[in-house]
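**Student:** Here you go, one structure.
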Amino acid sequence: MADRLLTVRDLVIDIPVGGGTLHAVRGIDFELDRGEVLCIVGESGSGKSLTSLALMGLLGKRIKPKATQMDFDGTALLSASKKTMRGLRGARMSMIFQEPMTSLNPAYTIGDQLMEAMLLHRDVPRSQARARAVELLEKVGITAAESRLGQYPHQLSGGLRQRVMIAMALMCGPELIIADEPTTALDVTIQAQILRLLVDLVREMGMAMILITHDLGVVARVADKVAVMYAGELVETGPAKQIFEAPMHPYTRGLLRCIPLPGKTKRGSELGTIPGIVPSLVGKVSGCVFRTRCGFATEACRGDIPRHLRGPQAFRCVLDDGGLSQEKQEVQA
Amino acid sequence: MTAPVLELRNVVKTYSVKQGLMGRPKPLTAVKDVSLSLGRSEVLGLVGESGCGKSTLAKILLGLEAPTSGEVLVDGEALGAQDRLKLARRIQPIFQDPYSSLNPRKSIADIISLPLRVHGIGDAASQKQAVREILDVVGLPSRVMNTYPSQMSGGQRQRVAIARALIMKPEIVICDEPTSALDVSVQSQILNLLGELRREFGLTYLFISHNLAVVEHLATRVAVMYLGRIVEEAETGELFDNPRHPYSRALLKSVLTPEPGLGVPDTQLGMAYPNPINPPSGCAFHPRCPLATELCKTRAPRPVAQDGGLVECHLYDPETEMFEQA
């Protein structure tokens, strides 16, 4: 039996908006074992960042997530007291945010910000926290780590700041790391280095990681498991290899056709597209939300959508092959 | 080869950067003696890490910055000799972020027709007609004319930005990361549109992007920039199949193609991009180069012609002792 760290069942996030409710996340399930990397992939507005904030208990007072189960190593996150959550956040589960430019406090030194969580959660002397900060800065590849502690965020480049954010998330040796687009703002060379570092750390320290991204290249190279989100629902989940080699849901297939594949897509040829836009999620949402953009949509897509299993891979579609046979016929015709 | 529509000759751009409150200003050379030429309806992809000078180069081409020395020629005519208005008729930009590059208080029709009004082309009726036509070209319905940017999605906004760039019927379009702020499914629509427009109107693009998969897809030629220099320039297929400069190789290696199971590559680049105020001696890439020798630390390499392209590395220069090792 794998070492289960996180279980989420039927997570629902409704956001009250002027005169209605925005059904931002509707009934998603996933689980994560220690040592595993789960990538949640989706486009803007798909609810992937909200999901991660719900896990961290950072949605704010106005938004109350609901779930039949949301357990982190035996602790029910939704019913946990504020004190319990404070004890978890930053210590056993931590988050790396997208924008290193705005998520560091410009008025405090790197050293203070790095040590804050450790001094708060662990009963350690300042010297020990400092030693840990230097150790982690070195681990994330920052040279002259000792002297960086006294610097302010504006003195560091974007790549360095993102590495500081990663070191900060690791200070208390968390069991779960949630990284929300950690490399989107960075150069490809730095992106590769940082992702490599994160994956190595996950394996080495036996952590689990949820990586949120819209970059399918990142997903393919980093994920053990993939969850494809569209407009607040998980349309397809499964092991990375299966999702990329045999995608079943029409949205997943469409997404993979949108990106040029070096060596496979002919240079300058027409890329695949997904026509239409994401529907409004305000008010009653029923059936398959992708039906407005799907080539295989029928009347049945307005009703209940069954979930199909193919080994560890699961997808939601009225067609039990996600329209694959229909697609093949069209290609032949 | 056809006569170049756009040519850069030994362009240098130096800024003066103050270090600290009392510091003496130091020169920062953002573009170092760059020569490039673009033939008609070519797409030149310009790639490199942040701070390598690619955006400075774009600004010089748009006439937003004057080069410190060197020349920019459009159809053989020096850019300095052309006034800004004349230049804007021939070269237009498409910027990265369609959320901040459109004035939120102007209607779409106003935004797209602004270039016509600035140049005093036609009357109100003909301008309106021109807007309607260009909206059709970029695939937007004419009913969006009276809406505002806030009512549009990112992809639609970028189409508006493209319409604004094309309404002057320019010959050259400078695309600075035109799709990096967009979702994957929208990005492919915009890339297809840029490809169609090029075929239809014979447009020439300078395509700046850090997304190498996109550059490989769209560009006909690629220039790799490092610390203000073009270190390699080649036909797209040649560069991607057979990169020569160690930096080009590292850059290509860091591309995460959607192939599961391969893991994240080790670029072996080391971490730090050098500070452009204190560039390394000799070859600027030597501190990060796995193949660097003593020669690289002291002498800057010169550009060497290679299969219709150029590469700037001692390994390819027959007059250095490193040549044999290539």
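Read the figures in this text as sums done on the coordinates, not as results from a lab. This one's a predicted model, so the numbers in the text were calculated from it and none came from an experiment. Neighbour counts run over all protein chains shown; Cβ positions are idealised from the backbone, glycine included.
**Student:** Please work out the C-alpha center-to-center distance from region A:63-81 to region B:277-300 and express it in whole Å.
**Tutor:** The distance from the Cα centre of region A:63-81 to that of region B:277-300 comes to 55 Å.
**Student:** Continuing with the same structure: Using DSSP, restrict attention to beta bridges with both residues in the protein assembly as shown and report what percent are antiparallel, rounded to the nearest 5.
**Tutor:** If we restrict to bridges inside the protein assembly as shown, about 60 percent are antiparallel.
**Student:** Put +1 on the Cβ of every Lys and Arg and -1 on every Asp and Glu Cβ in region A:209-333; which of A:P247, A:I305, A:F315 then has its Cα farthest towards the positive end of the dipole?
**Tutor:** Farthest towards the positive pole: A:P247.
**Student:** By counting other Cβ atoms within 10 Å of each Cβ, how are B:V12, A:V226, B:V214, B:V304 ranked from fewest to most?
**Tutor:** Ordered from fewest to most neighbouring Cβ atoms within 10 Å, B:V12, A:V226, B:V214, B:V304 come out as B:V12, B:V304, B:V214, A:V226.
**Student:** Follow-up. For the protein assembly as shown, what is the charge dipole size about the Cα centre, in debye to the nearest 20, if Lys and Arg each add +1 at the Cβ and Asp and Glu each add -1 at the Cβ? If you can, show how the numbers build up before the last one.
**Tutor:** Working: 74 positive and 70 negative charges, 409 e Å.
Charge dipole, the protein assembly as shown, about its Cα centre: 1960 debye, nearest 20.
**Student:** Roughly how many Å is it from the Cα centre of region A:1-26 to that of region B:106-166, as a whole number?
**Tutor:** Spelled out, the Cα-based centre of one part sits 40 Å from the other.
**Student:** Any idea what log10 I(q)/I(0) is at q = 0.05, 0.06, 0.12 Å⁻¹ for the protein assembly as shown, Debye with uniform C-alpha scatterers and no solvent?
**Tutor:** Here the Debye-derived log intensity ratios amount to -0.26, -0.37, -1.44.
**Student:** How many angstrom lie between the Cα centre of region B:8-76 and the Cα centre of region A:168-231?
**Tutor:** Comparing the Cα centres of region B:8-76 and region A:168-231, I get a distance of 35 Å.
**Student:** With each run of n ≥ 4 DSSP H residues scored as -39500 (n - 2.57), what mean residue ellipticity at 222 nm is computed for chain A after dividing by its residue count and rounding to the nearest 500 deg cm²/dmol?
**Tutor:** About -9500 deg cm²/dmol.
**Student:** Okay, next question. Report, in listed order, any pair from A:K48/B:K106; A:K66/A:K284; A:K266/B:K128 with a Cα-Cα distance greater than 28 Å.
**Tutor:** A:K48/B:K106; A:K266/B:K128
**Student:** Is the shape of chain A rounded, prolate or oblate, going by the alpha carbon gyration tensor and its root eigenvalues a ≥ b ≥ c, with a/c under 1.5 for rounded and a/b larger than b/c for prolate?
**Tutor:** Judged from the Cα gyration tensor, chain A comes out prolate (a/c at least 1.5, a/b above b/c).
**Student:** Still on this structure, please answer the following. In the structure shown, do any of B:K18/B:K54; B:K59/B:K297; A:K264/B:K54 have a Cα-Cα gap over 26 Å, and if so which?
**Tutor:** B:K59/B:K297; A:K264/B:K54
**Student:** Let me ask you something else. Run the dipole for chain B about the Cα centre, Lys and Arg Cβ at +1, Asp and Glu Cβ at -1, nothing else charged, and hand back the magnitude in debye, nearest 20.
**Tutor:** The calculated dipole for chain B is roughly 1420 debye.
**Student:** Can you find, among A:V25, A:G60, B:G155, the residue sitting farthest towards the positive end of the charge dipole of the protein assembly as shown, where Lys and Arg contribute +1 and Asp and Glu -1 at Cβ?
**Tutor:** A:G60
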